[in-house]
Amino acid sequence: MYQNLEECILDLEKHGHLIRIKEEVDPYLEMAAIHLKVYEAGGPALLFENVKGSKFRAVSNIFGTVERGKFIFRKTWDQAESVIDLRNDPMKALKNPFTHVSTGLAASKALPLKKSSSQPATAEEITISDLPLIHHWPDDGGAFVTLPQVYSEDPDKPGIMNANLGMYRVQLSGNEYDLNKEIGLHYQIHRGIGIHQEKANRLGKPLKVSIFIGGPPAHTLAAVMPLPEGLSEMTFAGLLSGRRFRYSYIDGYCISNDADFVITGEIHPGETKPEGPFGDHLGYYSLTHDFPLMKINKVYAKPNAIWPFTVVGRPPQEDTTFGAIIHELTGDAIKQEIPGVKEVHAVDAAGVHPLLFAIGSERYTPYQSVKQPAELLTIANRILGTNQLSLAKYLFITAEDGQPLDTHNEVDFITYILERIDLHRDIHFQTNTTIDTLDYSGTGLNTGSKVVFAAYGDKKRDLCMEVPEQLKELREFEGARLIMPGVVAIQGAKFSNYETAQKEMEALTAAIRSRGSIPTCPMIILCDDSQFVSEALNNFLWVAFTRSNPSHDIYGVNSSYEFKHWGCDNVIIDARIKPHHAPPLIPNPAVEKKIERHFAKGGSLRSVKID
């Protein structure tokens, strides 16, 4: 396998998976715009050989397709999958010991290897301003690192085996940062580095941090892997790359000897600076907030180093492929972590964290004639209390009952739930709780609400296959359009505030109620543009679940409370854009026009077919 990033690039090129861009390209918006076009077209990896303002080359879209990802790891994929599987279920080794001998050897050979040399491959000392300072979206606060491997050690238990390697975005320039002396680190709650920082703060000491960029692609993937307990990211990096993670220490900082670039520095207790905005994976900007400040110690680059980057935005993007690769590698890990769970799908089209689909089990009361969610509610609480799944806002959960289900068939899965849900019994809210840092639909940073739609039992209703008459030509609510069976989008006036919205919803629900019941349409989406929401499933999933806060934006026809439990005849989700929402990501038209030259006759990307 590859000992470094360049070996991977040459291999991809040899097999037709990479194109070199020889023309000079501006890191301010142009590189990102080219990447987005090529990714959308299902195109190859891109090697930018002439980055304006930097001597270093840059590469993107390495993980642009699942097929390319599996090609990169083709020699170590099966062993890595087996080790993860064994760590998730150690009993397999006892049941089939000889089957797993090679798995154990593979894991032992992947242990990190400390090098005594004080001169790693990243020996040349440079500055932040020497790097390709890539500005991704027009309103970004500066240049960002989008594929960093951020390394920190546990202050209570120093050493690489208790370290954390995570992917947290890094702001290199802009805002109040002193260029070449300071950078910003943005990490969300529940992240390993946050635990290390809390311990360092308690001890009154700065936290030493190393940021690795590049190196074998396995190192990048290791930084985003949800690994089982006892399997460190550095061990997994060695396992997937087929070569032990080689490291050394300089000035007390861990250095990855195979990384293309390493930035070292310290995070001091209580020191923050404004970070952002940044065009993020929900399809909106994450806004400016105070996040930890890292004071730079040194920046290293290996000879002929290559800067890897990606661009995030409204899904699907390259990080979608990361998720698919991770899902294939980790397989049934969630089944081991949460008993009774058969499948959990963080829906990419909705920005991953806002929306979960899950299949559980229903075994509590098999003797009852009336089937209803029971064990599913226990499982739902476990899901919403587990790692990154706890950041979700919406959870749709059911159990198989003589019919196989697949959460990745979104329309069929939602249809199955809507056919069976009792809207007066099966909707469960959690208010004033945590949501994703990047989700601005809530009541503040990290704060919002959650809702569980749990359904189980016999089919209760047929779903409408066209817009019901009761939803047509409603006063002040127009453009009723069918999204999918049982779900209709309607268009309302621009949202102003919640006091006005409450009155609008009272008028809407009263108007619908006056026209008679519509049991075939259990879900109605109030939005700004019903044509956009209804023309593609991904538009519906993105708008409905990224632009609503369950506790504030779910209403109902004939809604009522019974002993603090809310229910209704028809759910209405107000998915209009609110004043406190972050703005959506919109490309710069001038840049879009400028990059066309690369795809035209004579351009490096003339073979890539774009719309």
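The values are calculated or read from the model by the stated rules, or taken from the named source; none is laboratory data. Treat the numbers as computed from the prediction; the structure is a model and nothing was measured. Reconstructed Cβ throughout: ideal geometry from the backbone, glycine too, with neighbour counts over all protein chains shown. Remember, those area values only see protein heavy atoms, side chains included, never the ligands or the DNA or RNA. Shrake-Rupley method; radii C 1.70, N 1.55, O 1.52, S 1.80 Å.
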**Solvent-accessible ranking of Thr320, Thr443, largest area first, probe 1.4 Å** = Thr443, Thr320
**Prompt:** Excluding same-chain residues fewer than 8 positions from Lys295, which lysines have a Cα within less than 21 Å of its Cα?
**Reply:** Lys181, Lys199, Lys205, Lys208, Lys273
**Request:** Treat each spin label as a single point 7 Å out from the Cα along the C-beta direction, and report the Gln368 to Glu506 distance in nm.
**Result:** 3.6
**Complete:** The correct ranking of Met465, Met523, Met167 by accessible area at 1.4 Å, largest first, is Met465, Met167, Met523
**Request:** Kindly provide the trypsin sites (Lys or Arg not before Pro) of the stretch 168-266 that DSSP labels as loop, not H, G, I, E or B, and whose Cβ sees at most 14 other Cβ atoms within 10 Å.
**Result:** Lys181
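Report in % the part of the accessible area of the chain that belongs to carbon and sulfur, leaving out ligands and nucleic acids; probe 1.4 Å. Walk me through the intermediate numbers first.
Working: 12330 of 24820 Å².
Reported share for carbon and sulfur atoms: 50 percent.
With a probe of 1.4 Å, find how much accessible area the chain has per residue, and write the answer as a whole number in Å². Mind showing how you got there, number by number?
Working: 24820 Å² over 611 residues.
For the chain, the per-residue accessible area is 41 Å².
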**Asked** Which GluC sites (Glu not before Pro) from the stretch 458-495 combine a DSSP loop assignment with at most 13 other Cβ atoms within 10 Å?
**Response** Glu466, Glu473, Glu476
**Prompt:** So what's the net charge close to Asp406: Lys and Arg +1, Asp and Glu -1, counting the other residues with Cβ under 13 Å from its Cβ?
**Reply:** -3
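With every protein chain kept in the model, how would you rank Glu13, Glu67 by accessible area, 1.4 Å probe, largest at the top? Walk me through the intermediate numbers first.
Working: Glu13 65, Glu67 135 Å².
I get Glu67, Glu13, largest accessible area first.
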**Asked** Want the number for Leu111 to Asn381: 0.36 nm per residue separation, take away the alpha-carbon distance, what's left?
**Response** 93.6 nm
**Request:** Give the percent of DSSP beta bridges with both residues in the chain that are antiparallel, rounded to the nearest 5.
**Result:** 70
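With runs of 4+ DSSP H residues as the only contributors, calculate the mean residue ellipticity of the chain at 222 nm using -39,500 (n - 2.57) per run, divided by the residue total and rounded to the nearest 500.
Details: 19 runs with 165 residues, N = 611.
My calculation for the chain gives -7500 deg cm²/dmol from helical runs alone.
Multiplying the sequence separation of Lys460 and Tyr561 by 0.36 nm and subtracting their Cα-Cα distance, what value in nm do you get?
Details: separation 101, 0.36 × 101 = 36.36 nm, distance 2.18 nm.
My answer for the length gained is 34.2 nm.
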**Message:** Please report the accessible area of Asp458 (heavy atoms, 1.4 Å probe, ligands and nucleic acids excluded) in Å², nearest 10.
**Reply:** 100
**Complete:** As a percent rounded to 5, the proportion of antiparallel DSSP bridges among beta bridges in the stretch 416-549 is 70
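Antiparallel versus total DSSP beta bridges in the stretch 347-481: what percent is that, nearest 5?
Working: 8 of 19 bridges.
Looking only at bridges with both residues in the stretch 347-481, the antiparallel portion is about 40 percent.
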